[in-house]
Structure formats: structure tokens, C-alpha cells
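Chemist: Here it is: the structure, laid out below.
Each reported figure results from applying straightforward, stated rules to the coordinates on display, with no laboratory input. Quick caveat: nothing in here was measured; it's all calculated off a predicted structure. All Cβ positions, glycine included, derive from the backbone under ideal geometry; neighbour counts span all protein chains shown.
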Amino acid sequence: MNTTTFNRRDFIKAAGATAAFLPTFSVLSQEYKAETIGPAQDQVNVGVIGYGAEGQILVDAAIKIPGVRIKAVCDIWPYHRQKARGLGRLGHDVTSKTVYEDYREMLEKEDKNIDAVIIATPDWMHAEHTNYCLKAGKHVYCEKEMSNSLEKAASMVKAQRETGKILQIGHQRRSNPRYMHAINRVIRESNMLGRVTHAYGQWNRSVAPFIKDHPRLDIPIETLQKYGYENMEQFRNWRWFAKYGGGPMVDLGSHQIDLFFWVWDCVPISVTAIGGNDYYNRQMNDNVMAMYEFKTKEGKINRAYYQVLTTSSRGGFYEQFMGEDGSLTIAEIAARGNTVQREVRAGGPEESQWVEFAKQGPVVQPKKAVSREVTSNVAVDARVTAAADGWPLPVDLLKPAHMPHLENFFDAVRSNNPKLLNCPADLAYESAVAVLAANTSVAERKTIYFKPEEFHV
């Protein structure tokens, strides 16, 4: 059994060794301050392809970054294009003349005015839009999932290599200071959890009707067909159709399953998944449960379980990493999870050792620790392990969730250095393989076994 032996001198030495690649973090009461590579005043001119809900979220975060200016927006829906014109009132260079229906027209007319492009279109168009922009000489920030097709996702990796341009994929947890702190300092540097053997993630949502709009807002049928949609329902609910998306497993699961790769620094060897259409009765399953097996570089077998539900919001969304000495509960919204729990067992790390961890910064000591002493007159059920104390993480993000990831992208753009990216295309491709395979496992009702070469382009 692996036990953590805390050595203050070793810990301080390790902290110094890793300081070079760790970002500057804040305490809970302060705002995270990104280390900007290159002068913040170096303006980056941005075009946007896709100004729906996610596109608006990304633009809202991007315009808060010094030196970033939105120059043009493209969307096939007139309703979205009308919204985009409002960016001009915020001081950006978006007018009726710089809002487009066709992305090719935008890039042709705005070629000299655009350095980089944010892409937030449906998954099935990511490859087409990304590859066109890269080959046009533009840097690209593309939302996840890379694509609903591995062939298309692979083409994005190849296009980036061929052009040498910057390509960041929108797994924004990779740049979230709380996640970076948890993985780099809590799990790796201090080894507070001991050997992490299991992981769990979930994203649960309540049932909701399909999106419908007032007929006066509909895109003309000839325009829809021009861009590959049969009707407005497909356009608005594209995630549920196999041609356009991968259902909740891909749309939501890709964020969290990517964390398993990050923590264990390896790819899975298999996935077994079950699912069904329990409510929506559409092409893609609305409920999926998946089990992944990972083989670490040390030869250990680790397991991760993931579920995505759209028929219950119970528990919301969060991730857990469970080790022999402790466990981590974390979520993009801190209120859903932001603590490390110490295992209480014979031979495990004493609370005093965790106090030392708290002094060095990986965690914060709880204000009131709960005694785990068992008095002589209390009968202990042998089946029950004492509940673990929650030690909060000292880092939070007081910015829009996507902002650090976009900052990382623009830092790489200003430096013209793809190596600065926290989620380059080849890294994102690995998780795309695993996530898309879960849907295959459900459809074929069998375990999918991976070959290592499948994760590389």
C-alpha cells in the first residue's frame, strides 16, 4: 500500500523546481492575473465565425482582454448577425458592413484586418472553418469538440502542422487556474492524494423541450439548405443529430473526460458505455454512462467513470479524483466542488502532515477541523470509513470561465509560438478519440479497445 510521507525539505525543493512552469495564482479573495507573453498593447484583430450562445460567451470574454479587438463577425442566422452589430456600441470595429453570412466572404474582404479567428459553429463545421482559416494565414481558437468525425478532427491537426499557425481547442479547464493548481501542485508536486486509482465525472441536466423560435426569426429554407440543414429544428438543435453533433456525451463529456488524460498523462486502453433515449427520442442518446480503463506509464491500471444525464439535474456537474491518501472534488463553478479530502486510515498521512501542506500553499486548512477520535463508548460499524475533512483549494477564478484559455491563446498568437498553448490540436485529438468511441460503444453494445497509435495523427 502506498502511503505519503511528507518531507518539508523535499516539498520546498519540489515547489522551487516547478515554479518555472506554474502560473501566478491568486488567493480566493483576489482575481487571477495571467502572465501575458508579449506586450498587452500588441493589438490582435479578431474575426468570429458563429455568433450563437457559445460564440457570444467567447466574445464576451475576449473583449475583456487588453489588446483584443473584434473586427468582423460571420453567422448564417440574421438574428445573430443583428446581435453582433451591437459590438460596435462597445467600441469594437463591427458595423453592418463587417457582419457577414458567408465566412469565405468575410475572410476575403477582411483579410488584412484579421489576425485570428474564433470559431464557435456546430461541431460538424469545425474542420471546414478551421482548415480554411489556417490556410488563409489566420490563427484559430476553435470550440470543442474538434469534430463529430475523427477524420475531420485529424484534418485539423494536419492543417495546423502544414501552416504552422496557432490552433487552440476550447477545453478551457486546461487554462483554469484552479484546475492547474489542483493538478500541478496538489496531485503531482505534493502527491497529497497518493496514487490516484480512480476518477469520476458527471454532468446532469433536467429535461427540457427542444428549442423553438418564432417563425418570423426563421432562416429562409433556401439559406438553410445552402449550408447543409433541412430545417430550422436541425439548425437550432444540431447536437441531437448524428450529421451535426455527438449528443450530450460529446457536447458535455468532452470537457470532463479530457481531465482524465491530463491527470494521468496517458491515453485509455478501453471504454465500455451504455446509454439510451429516455426522453427526447432523437438520433443521439440523451443519457450515457461510460467506464474507461487507463494504463499509466508505470504500468498501473486506473479506471474512470463518467455519466451525462439530461433527465435529472441531481448533483449538477463536477469531477473527482480518488487516491489512497486523499481525494479531490473540483468543478468549473467553485461552489460545486473545490476541496481536497484526507483519507483517515491506519498508516495514512496524519492531519499534522496536511497542516504542513496547507502552510506551503497546496490547500487551505479548514477553519474548524473535525476530530476523528473514536471514544470507547461508541460502536464503530466495520463497513463504514470515517468521513473525510474537506480542505479547500486556495485558488479561484474571478473571471469568465473561458477568459484564461483565450488569454493563453492570444499570448501564443503575440509570440507566434504554438508551444505556449495549453490545449493544442494534437492534444485535443486524443480526448476526441476517447469521447467519440463512447458513442460507438453504446451503439454497438460492446467494449471498444484502443491501440496507442489511434490517438496520434
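Chemist: Just order 404-413, 102-111, 182-191 by mean Cβ neighbour count inside 10 Å, highest at the front, would you?
Modeler: 404-413, 182-191, 102-111
Chemist: Further question on the same structure: Cα to Cα, under 23 Å, and not fewer than 8 places away if on the same chain: which lysines meet these conditions relative to Lys243?
Modeler: Lys144, Lys152, Lys158, Lys212, Lys226, Lys446
Chemist: Follow-up question, since we're still on this one. Using square roots of five times the C-alpha gyration tensor eigenvalues, list the equivalent-ellipsoid semi-axes of the stretch 183-326 in whole Å, biggest first.
Modeler: Here the semi-axes work out to 38, 15, 14 Å.
Chemist: Please grab the % of Cα pairs in the stretch 185-268 that end up more than 20 Å from each other.
Modeler: 56
Chemist: Given the Cα-Cα distance of Ala335 and Thr95 and 0.36 nm per residue of separation, how much length would full extension add, in nm?
Modeler: Going from the current span to full extension adds 82.5 nm.
Chemist: For the chain, take the longest principal axis of its alpha carbons; what is the angle in degrees between that and the long axis of helix 425-444, to the nearest 10 within 0 to 90?
Modeler: Once rounded, one gets 90 degrees.
Chemist: Non-local amide H neighbours of Asp93 (under 5 Å, H modeled in plane, Pro and chain starts lacking H): which ones?
Modeler: Those qualifying (amide H under 5 Å, at least 5 residues apart or on another chain) are Ile70.
Chemist: Further, regarding this structure: Near Lys419, which aspartates and glutamates are there with a Cα under 18 Å away, not counting those fewer than 8 places off in the same chain?
Modeler: Glu35, Glu162, Asp265, Glu407, Asp411, Glu430
Chemist: Report, ordered by chain and residue number, the aspartates and glutamates lying within cross-link reach of Lys71, taken as a straight Cα distance under 13 Å and ignoring same-chain residues fewer than 8 apart.
Modeler: Reachable aspartates and glutamates: Asp93, Glu110, Asp111, Asp115.
Chemist: Label-point separation (nm) for Ala242 and Ser313, each offset 7 Å from Cα along Cα-to-Cβ?
Modeler: The answer from the label model is 3.2 nm.
Chemist: Moving on. Normalising by the residue count of the stretch 44-173, find the relative contact order in percent from Cα pairs under 8 Å and 6+ residues apart.
Modeler: In percent, rounded to a whole number, it is 23.
Chemist: Right, here's the next one. When only C-alpha pairs under 8 Å and at least 6 residues apart count, what is the relative contact order of the chain, in percent?
Modeler: 20
Chemist: Which of Ala242, Ile65, Val288 sits closest to the plus end of the dipole of the chain, meaning its Cα is farthest towards the positive end, when Lys and Arg get +1 and Asp and Glu get -1 on the C-beta?
Modeler: Ile65
Chemist: In µm²/s, what is D for the stretch 44-173 at 37 °C and 0.692 mPa s, where D = kT/(6 pi eta Rh) by Stokes-Einstein and Rh is the Kirkwood radius from Cα pairs?
Modeler: Once the numbers are plugged in, D ends up at 228 µm²/s.
Chemist: Moving on. Taking the convex hull of the Cα atoms, report for the stretch 119-249 its projected area averaged over all directions, in nm².
Modeler: Projected area, direction-averaged: 11.6 nm².
Chemist: For a footprinting-style exposure proxy, rank Met249, Met232 by other Cβ within 10 Å, fewest first.
Modeler: Met232, Met249
Chemist: Just one of (1) 0.99; (2) 0.97; (3) 1.05 is Rg/Rh (Cα atoms, Kirkwood Rh) as worked out from the coordinates here. Which one is it?
Modeler: Identified label for the calculated read-out: (1).
Chemist: Share of Cα-Cα pairs in the stretch 258-314 beyond 17 Å, in percent?
Modeler: Here the tail beyond 17 Å accounts for 47 percent of pairs.
Chemist: Can you work out the FRET efficiency for the pair Lys446 and Arg188, with r the C-beta to C-beta distance and R0 = 56 Å, to the nearest 0.05?
Modeler: About 0.95, to the nearest 0.05.
Chemist: What residues have an amide H closer than 5 Å to that of Gly337, excluding those fewer than 5 places away on the same chain, when H is modeled at 1.01 Å from N in the peptide plane?
Modeler: Ala331
Chemist: From the Cα trace of the stretch 178-229, what convex hull volume per residue do you get, rounded to a whole Å³?
Modeler: 203
Chemist: Cβ under 9 Å from Arg81's Cβ, Arg81 left aside: what net charge do those residues give with Lys, Arg +1 and Asp, Glu -1?
Modeler: 0
Chemist: Any idea which of Ile49, Tyr132, Ile330 is furthest toward the positive side of the dipole for the chain, if Lys and Arg beta-carbons carry +1 and Asp and Glu beta-carbons -1?
Modeler: Of the candidates, Ile330 comes out farthest on the positive side.
Chemist: Along the charge dipole of the chain, Cβ charges K/R +1 and D/E -1, which of Leu193, Asn148, Leu107 sits furthest on the positive end?
Modeler: Toward the positive end, the furthest listed residue is Leu193.
Chemist: Treat every Asp and Glu Cβ in the stretch 44-173 as -1 and every Lys and Arg Cβ as +1, leave all other atoms uncharged, and give the resulting dipole magnitude about the Cα centre to the nearest 20 debye.
Modeler: Computed charge dipole of the stretch 44-173: roughly 380 debye.
Chemist: Still on this model: After finding the eigenvalues of the alpha carbon gyration tensor for the stretch 396-457, what semi-axes result from the square roots of 5 times each, listed largest first in whole Å?
Modeler: 32, 16, 7
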